[in-house]
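Data first, discussion second: the structure below is written as structure tokens.
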Amino acid sequence: MTDSAHTLKHPFRDAMASCAAGVHVITTDGESGRYGITMTAVTPVTDEPPTIMLCINRKAAIIPILQTNRDLCINTLSESQQDIAEHFAGLTGLSPEERFAYHIWNRGKTGQLEVEDALAHLHGRIVSQHEIGTHFIFYVEINEIKNSGTHPPALLYFRRQFKSLE
């Protein structure tokens, strides 16, 4: 890391903490096993074909699992699902496998796990990836979408804390 990049690291993180972001749990299940992670770096790229970008730290345990499984589900959480976000962020001391035991799960058409009552479930397959700095960037082409029929407030992450949109 260059001196200027190192000098900007903490102010950059502080600036990004001032950007409210939706909270998602990314789940994958397949050849390399089942795993999930809480994320806010989830961004739409294009709607033709529907594609989402995920930015994940290269040290995250989910990286090699995603690279093998390729299929995943993006679960967009409501304010009542903060406990799910905390479990999959590793804040509660549960093992990666135990995190799945505390919630009700369904499966989409490709067999990926979707947490019950999420605001949306976006199922997809990784179609491309690259690395930049400390992160892997995954491009996920969406092949199944389920939107909640209800409209509770979304769970947000702002200034390093979970918040409600309401």
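The values are calculated or read from the model by the stated rules, or taken from the named source; none is laboratory data. All of these numbers come straight from a predicted model, not from anything done at the bench. No Cβ is skipped: glycine too gets one built from the backbone with ideal geometry, and neighbour counts run over all protein chains shown. Ligands, DNA and RNA are stripped out before the accessible areas are found, and what is left, the full protein with its side chains, is counted by its heavy atoms. Shrake-Rupley method; radii C 1.70, N 1.55, O 1.52, S 1.80 Å.
At-a-glance table
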quantity: Search result, residues across the stretch 136-166 that are part of a strand (DSSP E or B), of a type outside the set (Ser, Thr, Tyr) and more than 22 Å from GLU86 (Cβ to Cβ); calculated: PHE136, ILE137, PHE138, VAL140, GLU141, ILE142, ASN143, GLU144, ILE145, LYS146, ASN147
quantity: Single unsatisfied condition, GLN112 versus (1) open to solvent by 50 Å² or more (accessible area, probe 1.4 Å); (2) under 21 Å from GLY30 (Cα atoms); (3) at pLDDT 95 or above; calculated: (1)
quantity: All positions within the stretch 60-81 that are within 21 Å of TYR157 (Cα to Cα) and either of a type in the set (Phe, Trp, Tyr) or not in a strand (DSSP E or B) (or both); calculated: ALA60, ILE62, LEU77, GLU79, SER80, GLN81
quantity: Conditions (1) at positive phi; (2) open to solvent by 30 Å² or more (accessible area, probe 1.4 Å); number of the one not met by ILE104; calculated: (1)
quantity: Considering residues of the stretch 34-58 that are of a type in the set (A, V, I, L, M) and in a strand (DSSP E or B) only, the residue farthest from ARG99 (Cα to Cα); calculated: VAL45
quantity: Total residues in the stretch 102-132, condition among the aliphatic types (A, V, I, L, M), in a strand (DSSP E or B) and free of Cβ contacts under 8 Å to residues at least 24 places away in the same chain; calculated: 1
quantity: Number of the exception - ASP83 against (1) crowded, with 21+ Cβ neighbours inside 10 Å; (2) out of contact with any Asp or Glu (no Cβ under 8 Å at 6 or more places or on another chain); calculated: (1)
quantity: Cβ-Cβ under 8 Å pairs, at least 6 apart or on other chains, the stretch 1-25 side under 16 Å from ALA89 (Cβ atoms), far side modelled with pLDDT of 75 or more and open to solvent by 100 Å² or more (accessible area, probe 1.4 Å); calculated: ALA17/ARG159; ALA17/ARG160
quantity: Options VAL45, VAL23: the member that is under 23 Å from ILE145 (Cα atoms), in contact with a strand residue (DSSP E or B) (Cβ under 8 Å, 6 or more places away or on another chain), of a type outside the set (Lys, Arg) and surrounded by 15 or more Cβ atoms within 10 Å (Cβ to Cβ); calculated: VAL23
quantity: Pairs with Cβ under 6 Å, 6+ apart, first in the stretch 149-166 and more than 15 Å from MET39 (Cβ to Cβ), second modelled with pLDDT under 90 and open to solvent by 100 Å² or more (accessible area, probe 1.4 Å); calculated: PRO153/LEU165; PRO153/GLU166
quantity: Residue in the stretch 50-61 that is buried (at least 19 other Cβ atoms within 10 Å of the Cβ), among the hydroxyl-bearing types (Ser, Thr, Tyr) and within 15 Å of the chain's Cα centre (by Cα) present; calculated: no
